[in-house]
Amino acid sequence: MSKNKTYQAGRHFLQIPGPSNVPDRVLRAIAQPTIDHRGPEFATLTLSILDKLRVVFNTESPIFIYPASGTGGWESSLLNTLCPGDKVLAFETGHFATLWKNVAVKLGLEVIWVEGDWRQGIDAAVVEHHLKEDQSHEIKAVLAVHTETSSGATSDIAKIRKAIDAATHPALYMVDAVSSLACTELRHDDWGIDVTISASQKGLMLPPGLCFNAVSEKALAASKLSTFPHSYWSWDSMLELNKRGYFPYTPSTNLLYGLDEALCMLHDEGLATVFERHHRLALATQLAVAGWGLENLCVNPEQCSNSTTAVLMPEGHDADELRNIILDRFNMSLGMGLGKVKGTVFRIGHIGDFNELMLAGALSGVEMGLNIAGVPHKKGGVNAALEFLANSA
Ligand SMILES: *Cc1c(COP(=O)(O)O)cnc(C)c1O
């Protein structure tokens, strides 16, 4: 894109774990003329989107859509349901959990922060332990990141719900499903989630710019008692206007066109097929990493996510140097190591509108990059992935 760079033929490989590749159908939908967001045509669009979206969240409850990044979804979940000084329980699964915690701290919440090594999901037994200790029910919310995009580890959200129930604790259960929604199963209602937060630019295959709050009855009831000042994020006004297909302020009309199209595509393919596709591509990626003799940052194989794989560099080798070489030579962007794993890991996104041959290309680019960068590795990572893909359809 820069002026002094010559044209690079072919498509850019966007292998970061979000924003993910935006399908042409979605881009074309977004390119439609903007319409009156207070007119009848718009109301039909909104109501149809909300119907299709509820299937993806597996909920009958309201889902609020904001023109914002995922961070806005975090802020909204906390501001609407809690009061200044409330205690919340959160888990250091990685960079995104840390960012969400930071939002909570900045808003004036008291965070009980369970430290972690960024290499695994949340331990449900630890959740149960903390809640059982909290006899006086001072903890008002449990914050859990479903797929921790910085480490590639997915936590068992249903199991954590059981842990909360086992402690017979009334805390609200809030789940960040930003990089898991539409990549792996998420059941807002069945898993007793009170607020599910998500965003447009990952499994939903849209550009960044929309975030979501799916809210339970219990969360709505809590929102009536919340004393945080908030206006833009207010669920009340969203709820009222959404019922008729409208928003309290100008929505992101063109992204909603894109969302409508993306939801049609997800439902055409079938969510079960979408999850299965992500899972196969994730397994193939894990096999490639093992084939290269490199280490996966996520240490529990059953927690390795459908969305992204974080790969540890051998001692003395810089992940960002490798990523730069791969970008320069092969026009592929890989995810960088975030926060405290910067430089020590790179991430391969396998999320959204993505298929086997795209993965084969991406893994080939990594293998060639390892070679060029002189990173010690074994040959045959790509082969292992291809063998698996060929024989597991
Ligand atoms: C991408 C992502 C977010 C959202 O971040 P924004 O940059 O604000 O859109 C939040 N949580 C997780 C787990 C993510 O992967």
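Within a Cβ distance under 11 Å of Asn58, other residues only, what is the Lys/Arg minus Asp/Glu net charge? Its environment carries a net charge of -2. The label-point distance for Thr227 and Thr34, in a model that sets each label 7 Å from Cα toward Cβ, rounds to 4.0 nm.
With a cut-off of 13 Å on the backbone N, the residues of the stretch 74-95 near the modelled label site 7 Å out from Ser136 along Cα-Cβ are 87.
Ranked for footprinting exposure by Cβ neighbours inside 10 Å, fewest first, Met238, Met265, Met174 give Met265, Met238, Met174. Which FRET efficiency value, to the nearest 0.05, do you get for Glu41 and Lys378 by plugging their Cβ-Cβ distance into 1/(1 + (r/R0)^6) with R0 = 41 Å? The value I calculate is 0.10.
Put +1 on the Cβ of every Lys and Arg and -1 on every Asp and Glu Cβ in the stretch 24-267; which of Leu99, Pro207, His146 then has its Cα farthest towards the positive end of the dipole? Of the options given, the answer is Pro207.
For the stretch 1-54, run through the trypsin sites (Lys or Arg not before Pro) and keep only the ones in DSSP coil with at most 14 other Cβ atoms within 10 Å of their Cβ.
Values: sites: Lys3, Lys5, Arg11, Arg25, Arg28, Arg38, Lys52, Arg54; in loops: Lys3, Lys5, Arg11, Arg38.
Listed in order of number, the matching sites are Lys3, Lys5, Arg11, Arg38.
Candidate cross-link partners of Lys243 among the aspartates and glutamates, defined by an alpha-carbon separation under 17 Å and a same-chain spacing of 8 or more, comprise Glu41, Asp51, Glu60, Glu217.
Net charge dipole, the chain: roughly 800 debye, given to the nearest 20, about the Cα centre with Cβ charges of +1 for Lys and Arg and -1 for Asp and Glu. A cut-off under 14 angstrom between Cβ atoms defines the neighbours of Val103, and their net charge, with Lys, Arg +1 and Asp, Glu -1, is -2.
What is the sum of charges, Lys and Arg at +1 and Asp and Glu at -1, for the other residues whose Cβ falls under 15 Å from the Cβ of Cys264? Mind dumping the intermediate values first?
Numbers: positive: Arg25, Arg28, Lys52, Arg54; negative: Asp24, Asp51, Asp260, Glu261, Asp268, Glu269, Asp353.
Within the 15 Å Cβ shell, the charges total -3.
In the stretch 323-347, whose amide N lies under 19 Å from the spot 7 Å out along Cα-to-Cβ of Thr6? List them in ranges. Residues passing the 19 Å test: 325-332. Helix 381-391 and the long axis of the chain differ in direction by around 70°, with both axes built from C-alpha atoms. Once you place label points 7 Å from the Cα toward the Cβ at Asp190 and Glu356, how far apart are they in nm? Using points 7 Å along Cα→Cβ, the separation is 2.8 nm. Around the amide H of Met336, modelled in the peptide plane, lie the amide H atoms of Arg347, all under 5 Å away and 5 or more residues distant in sequence or on another chain. Each Cα pair under 8 Å and six or more residues apart adds its separation to the average, and for the stretch 24-267 the resulting relative contact order is 31 percent.
In what order do Asp134, Asp176, Asp36 fall by count of nearby beta-carbon atoms within 10 Å, going from fewest to most?
On the way: Asp134 16, Asp176 29, Asp36 9.
Ordered by Cβ neighbours within 10 Å, fewest first: Asp36, Asp134, Asp176.
Of the beta bridges DSSP finds with both residues in the stretch 49-159, what % are antiparallel, to the nearest 5?
Among the beta bridges of the stretch 49-159, antiparallel pairing accounts for roughly 20 percent.
Within 10 Å of each residue's Cβ, count the other Cβ atoms and sort Thr71, Thr285 from fewest upward.
If I rank by nearby Cβ atoms, fewest first, I get Thr71, Thr285.
For the stretch 24-267, the share of DSSP beta bridges that are antiparallel, to the nearest 5, is 40%. Sort out for me the Cα centre separation of the stretch 281-343 from the stretch 192-251, rounded to whole Å. Cα centroid to Cα centroid, the span is 34 Å. May I ask you to compute the full-extension gain from Glu295 to Glu240, defined as 0.36 nm times their residue separation minus their alpha-carbon distance, rounded to one decimal in nm? Extra length from Glu295 to Glu240 when fully extended: 14.8 nm.
We did not get these values from a lab; they are worked out from the coordinates using the rules stated. No experiment lies behind these values; they were computed from the predicted model shown. Methodologically, a virtual Cβ is constructed for each residue, glycine included, from the backbone with ideal geometry; neighbour enumeration extends over all protein chains shown.
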